[in-house]
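Working notes, structure below.
Where a number appears in this text, it was derived from the coordinates with a stated rule and is not lab data. Bear in mind the structure is a predicted one, so any value in this text is a computation, not a measurement. Note that we place each Cβ from the backbone using ideal geometry, even for glycine, and neighbour counts take in every protein chain shown.
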Amino acid sequence: MKQTSGEVYHVTDSERGQTLAAFLRAKLGGVPWSRVQKLVRSRHVMIHGNVCTDEARRLKDGEVVKVLEAAAAPPPKPADVRIVYIDDDVVVVDKPSGITTTRHHEEAGWPARRKQLQPTLDEMLPGIISRALAGRKTRQPRGSQASDRLADVKKPNRSGPVYPVHRIDRETSGLVVFARTVPSGRILAEQFRLHTTQRRYLAVAVGRVGEGTIISNLVRDRGDGRRGSDDSGDPGEGKRAVTHVTPVEHFGDAYTLVECRLETGRTHQIRIHLAESGHPLCGERVYSAPRNAKVVDRSAAARVALHAAELGFVHPKTGDELHFESRLPPDMVKLIAQLRK
């Protein structure tokens, strides 16, 4: 029997459409179906960095399947989501790692029972808001630079749906804003589309990262089924992506705590840009450094070490500039402490 943990497999064109169980059984040397089911259901399998507990999931060409040595942590609960700011138009929350911001298009048709097993942040938030209002636990911005006028806005007295205007990855922790009305949603979405919001991330990357700006055109498929930069030289290919990188602390030459400010906000932009520059993030399982780069991640990070530390935008109703900051979560604090040693 082959090793059944710590292995990484890339789905090829000939393997697409297979169920996760069939794929793993073949890769693991024909282990019993019960063994494969146990691996999947006990949170030992990740697809593209996300835990998958559905052995019947159909795989796509280019996806990365990893069998974990230890079971992944259980998904966050509503109590793990912190409301940073709320009024009748917007709500800003500090998202823990391990939960998707919004449901992906291909998951829209999932039955209700399956959705309940893997809820998204926007699905959980109305209930979180209701409980917070019932306990009167709403609060003003922590570390906010909001004006005094905004601080006098009447605290909301209603719950209800929220409307996503941007997203951060499942494994990424940090600040996310949702609209609480459709008009506010349109205004906020336009700010993100025009890149007028302020977003700063903290990340831990492999190697000694220097200061600089990374600019490329990102495409959905760089040729291997994954997102990446287009190197064809055709300006019409992909979407322009700009990331400003500043080293915060070097841990010898092995790792660097970096600050990334987004001028644009493309999907997986920071992860792609750092990996392609030869410095993938600790815990990265999807995007790798160029083949000629000698990069080894021995950090044992349980997830992609990326945190949305700062978020700024213009309030859609009052016109005030809001600014929020979020401290590094305990797992990244622990990782950094280990690297300092």
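For the range 184-276, averaging the sequence separation of C-alpha pairs within contact (under 8 Å, six or more residues apart) and dividing by the residue count gives a relative contact order of 33 percent. Couplings 3J(HN,Hα) for the range 55-71, derived from phi with the Karplus relation 6.51 cos²θ - 1.76 cosθ + 1.60 (θ = phi - 60°), are 5, 8, 4, 7, 8, 10, 4, x, 5, 10, 10, 10, 9, 7, 6, 10, 4 Hz, where x marks Gly and Pro. Taking the Cα-to-Cβ direction at VAL314 and at GLU190 and moving 7 Å from each Cα, how far apart do the two end points lie in nm? Each label point is offset 7 Å from its Cα along the Cβ direction, giving 0.9 nm. The spacing between the range 310-341 and the range 56-71, judged by their C-alpha centroids, is 30 Å. Within the chain, the selection of entire DSSP H helices by a Cα span of 20 Å or greater along the long axis and an average Kyte-Doolittle value of at least 0.5 returns an empty list. Checking the Cα-Cα distances for LYS27/LYS95; LYS77/LYS334; LYS95/LYS294; LYS239/LYS317; LYS77/LYS239 against a 25 Å cut-off, the pairs over it are LYS27/LYS95; LYS95/LYS294; LYS239/LYS317; LYS77/LYS239.
A simple spin-label model places pseudo-atoms 7 Å from Cα toward Cβ; at HIS323 and LYS294 they are separated by 4.4 nm. Taking the Cβ-Cβ separation of LYS334 and LYS38 as r and a Förster radius of 25 Å, what is the calculated FRET efficiency to the nearest 0.05? Using R0 = 25 Å, I get an efficiency of 0.30.
DSSP beta bridges confined to the chain are antiparallel in about 95 percent of cases. Using only side-chain charges placed at the Cβ, +1 for Lys and Arg and -1 for Asp and Glu, the dipole size of the chain relative to its Cα centre rounds to 1260 debye. Using R0 = 41 Å, the C-beta based FRET efficiency linking ARG131 and ASP13 works out to 0.30.
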